[in-house]
1. Can you pull out every residue in the stretch A:81-98 that is open to solvent by less than 50 Å² (accessible area, probe 1.4 Å) and more than 7 Å from chain B (Cβ to nearest Cβ)?
2. Can you list the strands (runs of 3 or more DSSP E) lying wholly within chain B that have 1 or more residues being open to solvent by less than 60 Å² (accessible area, probe 1.4 Å) and modelled with pLDDT under 95?
3. Where in the stretch A:5-110 are there strands (runs of 3 or more DSSP E), lying wholly inside it, with at least 2 residues that are within 10 Å of the chain's Cα centre (by Cα) and not basic (K, R)?
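The values are calculated or read from the model by the stated rules, or taken from the named source; none is laboratory data. Keep in mind the model is a prediction, meaning the values are calculated, not measured. Every residue, glycine among them, receives a Cβ derived from its backbone with ideal geometry; neighbour counts consider all protein chains shown. For accessibility, only protein heavy atoms count, side chains too; no ligands or nucleic acids. Shrake-Rupley method; radii C 1.70, N 1.55, O 1.52, S 1.80 Å.
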Amino acid sequence: QKEVEQNSGPLSVPEGAIASLNCTYSDRGSQSFFWYRQYSGKSPELIMFIYSNGDKEDGRFTAQLNKASQYVSLLIRDSQPSDSATYLCAVSGGYQKVTFGTGTKLQVIP
Amino acid sequence: EPEVTQTPSHQVTQMGQEVILRCVPISNHLYFYWYRQILGQKVEFLVSFYNNEISEKSEIFDDQFSVERPDGSNFTLKIRSTKLEDSAMYFCASSEAKGTNEQFFGPGTRLTVL
């Protein structure tokens, strides 16, 4: 069973702080790694993807991948109240299904 | 910006009835997917579709489910005889043939089975 594990939270951070979200996965054959943001009652929105070990930055978001440790993380700098949502870690082995974690609920406190 | 669309946004049906959920994937995408999310639970893969055939399906996708691409734009999920436990949000997603499988999700259809 391919699993993606996340701490369900909630993770509370003050506005302007860095939010750090973590994820581990079980399938060593995973090739693509995604972070989706999901607001309550809405669909998952793709915010970051990463395929190679190391860091990938896009605006306030940085994704980090360590395939040896089977670990993916997402850093959100200068957190805003609008970042309050559930963040879903997801992995894929190619042009196949994406396996999602249960998500981490982030609360940014003004 | 291109987006995946889904209709209806909310479908209420009686147990045992058939429902068809519709999706229009992003126009240049060639891989299509259905996922579901039961309230309070994680997003679960149902089926992937490429080149007019199912490429992968999960254990959830049993004989009660079917998918079809009836024309050049629509992608449908049919549930033949709905059960109470089919109540969930159903998301359609699509991805390009080239690239690394970034999947873009539609807004979802909330299915309520009474």
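1. Step one: filter the stretch A:81-98 for residues open to solvent by less than 50 Å² (accessible area, probe 1.4 Å), giving A:83-94, A:98.
Matches in the stretch A:81-98: A:D83, A:S84, A:A85, A:T86, A:Y87, A:C89, A:A90, A:V91, A:G93.
2. Values: elements: B:5-7, B:10-13, B:19-24, B:31-37, B:44-50, B:53-57, B:65-68, B:75-79, B:88-95, B:109-113.
Per the criteria, B:31-37, B:44-50, B:53-57, B:88-95.
3. Details: elements: A:11-14, A:19-25, A:32-38, A:45-50, A:54-58, A:61-66, A:71-76, A:85-92, A:98-100, A:104-109.
Counting at least 2 such residues, we get A:19-25, A:32-38, A:45-50, A:61-66, A:71-76, A:85-92.
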